Amino acid sequence: MSAEAIGLSLEQALDRIDAFRAIHEPGGVTLEAVLCLQESVGIDDATRVLIRKRLFEAEGPADPRAMVLGLIIGLLAAGFGETDPRN
């Protein structure tokens, strides 16, 4: 994947996160909304267990929630890259 395609995929992923935040944050993000966002990038119950063990229970990053958001953005960007006909 070219640097241009990566940039485009990342921009699309960040746009998707901005849209999610615009819809949900004014009234508060519900657990259901977060689960739907996670499912949209392939994070299921088993993956959530792995994330919890690696980021929240172990001595993971200082802000594991930010790390999970980064994972979601990366997965979204990868998904957009897979559908880009230029790749």
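Per-structure values
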{"read-out": "Scope region 16-28; condition under 17 Å from Gly70 (Cα atoms) and either at pLDDT 95 or above or not charged (D, E, K, R) (or both); matching residues", "value": "Ile17, Ala19, Phe20"}
{"read-out": "Checking Phe80 against (1) surrounded by 12 or more Cβ atoms within 10 Å (Cβ to Cβ); (2) under 10 Å from the mean Cα position of the chain (by Cα), the condition it does not meet", "value": "(2)"}
{"read-out": "Per-region count, region 7-46, residues exposed (fewer than 14 other Cβ atoms within 10 Å of the Cβ), part of a helix (DSSP H, G or I) and without any contact (Cβ under 8 Å) to a residue 40 or more places away in the chain", "value": "14"}
{"read-out": "Residues of region 49-83 classified as touching a Leu at 6+ places or on another chain (Cβ under 7 Å), within 20 Å of Ser9 (Cα to Cα) and not small (Gly, Ala, Ser), total", "value": "4"}
{"read-out": "Close pairs from region 47-64: first assigned to a loop (DSSP other than H, G, I, E, B), partner modelled with pLDDT of 85 or more, Cβ under 9 Å, at least 6 apart", "value": "Gly60/Arg54; Gly60/Met67; Pro61/Leu55; Pro61/Met67"}
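The values are calculated or read from the model by the stated rules, or taken from the named source; none is laboratory data. All values reported here derive from a predicted model rather than from experimental measurement. Note that we place each Cβ from the backbone using ideal geometry, even for glycine, and neighbour counts take in every protein chain shown.
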